[in-house]
Amino acid sequence: MHLYVKILGRYLLQALVTLVGISFIMFSITMLGTEDLARQLISGAEDVVVSQAEIDAVTKELGLDQPFFVQFGNWLASAAQGDLGFSYMARKPVIDKILECLPATITLAAASLVLMTCVSLPLGVAAAYHRNRWMDFLIRGCTFFGISIPGFWMGLMLLWFFGLKLGLFPIVSSTIGWDTIFLPALTLAISMSSKYTRQVRSAVLEELGQDYVLGARARGMSELHILTKEVLPNAVLPLITLYGLSIGSLLGGAAVVEIVFGWQGLGNLAVKAIEYRDIRLLQGIVVWIAGMYMIVNIIVDFLYGVLDPRLAKKGARS
């Protein structure tokens, strides 16, 4: 137990340092051109006349008249307390707007991961078991097709066929339900499962060449037992990292897919924040995405140590 606590503490320290570094880079980029920032925050994406008094008031309110490092220090201190600033676009605190869009993002991410897992695991195992046969060639061809097609095009085609032509799913909806989430989740799952299926195939092929598989066959075990009970648990371990990256990416919002389907998640919100030049909202979303990646990476690394104690002992010594 002490070993795992030590490893977890080291991961948390590394994540904290990384998050501060990302925050500084993000803050530096978003604060470029601050001489016209107040005007942009007031007018948004519209071309309207703004008085100098309004510009001065917003400049002072946001602390834009202070030195850069003072601005970053004040923002970082507030962010550490959960205050990411005020969104001029949403007319509410940034954290409230992020939490408002979070359920839609989590729901879409969960649905996409479930679809991806249900498709990629059996297809990857089947392709590896039937290596260099027609089923392997068919599965690899489909995965190449899924990887090559842009997500926005796939989403539009699914929306056109299933929504417009067949009328099975709504074109636009502001509610979260199985009928509104299926098409955007399927769009994301097609791309992710294409990549994941190839990874599963490679991992299973590597395990099938191990000596313990030959021993299991010599003892008369069935192929189904060998694949599900012996090979798959060992093959899943190297795939945890890829799975974690997919989770982190989805929790940050899938901007293109969310825009195509009008899904009110964090990806769609980030695009709107850029459009309206809402730097506080954009900074908050970037911090959220970075934080999600840090948390997921910590969980993945910790799981590696739990599933394979040899890695945990090696990580504690390094």
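Okay, residues lined up against (1) open to solvent by less than 50 Å² (accessible area, probe 1.4 Å); (2) without any contact (Cβ under 8 Å) to a residue 24 or more places away in the chain:
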position: Asp56; (1), (2): no, yes
position: Lys60; (1), (2): no, yes
position: Phe68; (1), (2): no, no
position: Phe72; (1), (2): yes, no
position: Gly85; (1), (2): yes, no
position: Ala90; (1), (2): yes, no
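If we keep just the residues of the range 92-102 that are touching a residue at least 40 places away in the same chain (Cβ under 8 Å) and in contact with an Asp or Glu (Cβ under 9 Å, 6 or more places away or on another chain), which is farthest from Tyr276 (Cα to Cα)?
Only one residue tops the list, namely Ile95.
If you go through the range 72-89 one residue at a time, how many are touching a Leu at 6+ places or on another chain (Cβ under 7 Å) and not hydroxyl-bearing (Ser, Thr, Tyr)?
Here the count works out to 1.
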Fill in the blank from the handout: Checked pairs for the range 121-148, first closer than 11 Å to Lys195 by Cα, second charged (D, E, K, R) and surrounded by 14 or more Cβ atoms within 10 Å (Cβ to Cβ), C-beta under 7 Å and 6 or more apart or across chains, list as Gly124/Arg201; Thr143/Arg198; Ile147/Lys195
Practice task
Can you confirm whether the range 235-253 contains a residue that is over 21 Å from Cys118 (Cα atoms) and of a type outside the set (Val, Ile, Thr)?
Solution key: yes
Completion exercise
All-but-one check, Leu99 against (1) more than 18 Å from Ala290 (Cβ to Cβ); (2) modelled with pLDDT of 75 or more, failing number (1)
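Return a yes/no flag: does the range 161-182 have any residue that is assigned to a helix (DSSP H, G or I), among the small types (Gly, Ala, Ser), under 30 Å from Ile289 (Cβ atoms) and over 23 Å from the mean Cα position of the chain (by Cα). Give the steps one after another, and end with the answer.
Quick first cut of the range 161-182, residues assigned to a helix (DSSP H, G or I) only: 161-165, 178-182.
With among the small types (Gly, Ala, Ser) added as a condition, the list becomes 163.
Of the ones still in play, those that are also under 30 Å from Ile289 (Cβ atoms) are 163.
If we keep only those that are over 23 Å from the mean Cα position of the chain (by Cα) as well, we get 163.
Looking through the range 161-182, at least one residue is assigned to a helix (DSSP H, G or I), among the small types (Gly, Ala, Ser), under 30 Å from Ile289 (Cβ atoms) and over 23 Å from the mean Cα position of the chain (by Cα).
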Exercise for the section: Starting from residues that are small (Gly, Ala, Ser) and crowded, with 20+ Cβ neighbours inside 10 Å, keep the ones in the range 92-110 and report whichever is farthest from Gly244 (Cα to Cα). Expected result: Ala104
Exercise for the section: Please go through the range 91-142 and pick out each residue that is of a type in the set (D, E, K, R) and within 22 Å of Leu232 (Cα to Cα). Expected result: Arg131, Arg133, Asp136, Arg140
Problem - Some residue of the range 172-184 being aliphatic (A, V, I, L, M) and without any contact (Cβ under 8 Å) to a residue 12 or more places away in the chain - result: no
Practice task
Could you grab me the full set of residues in the range 185-224 that are in contact (Cβ under 8 Å) with a residue 24 or more places away in the chain and among the aliphatic types (A, V, I, L, M)?
Solution key: Ala185, Leu186, Leu188, Ala189, Ile190, Met192, Val200, Ala203, Val204, Leu205, Leu208
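The values are calculated or read from the model by the stated rules, or taken from the named source; none is laboratory data. Everything quoted here is computed from the prediction, not taken from an experiment. Counting neighbours? That spans all protein chains shown, and the Cβs are built from the backbone with ideal geometry, glycine included. Accessible surface areas use protein heavy atoms only, side chains included; no ligands, DNA or RNA. Shrake-Rupley method; radii C 1.70, N 1.55, O 1.52, S 1.80 Å.
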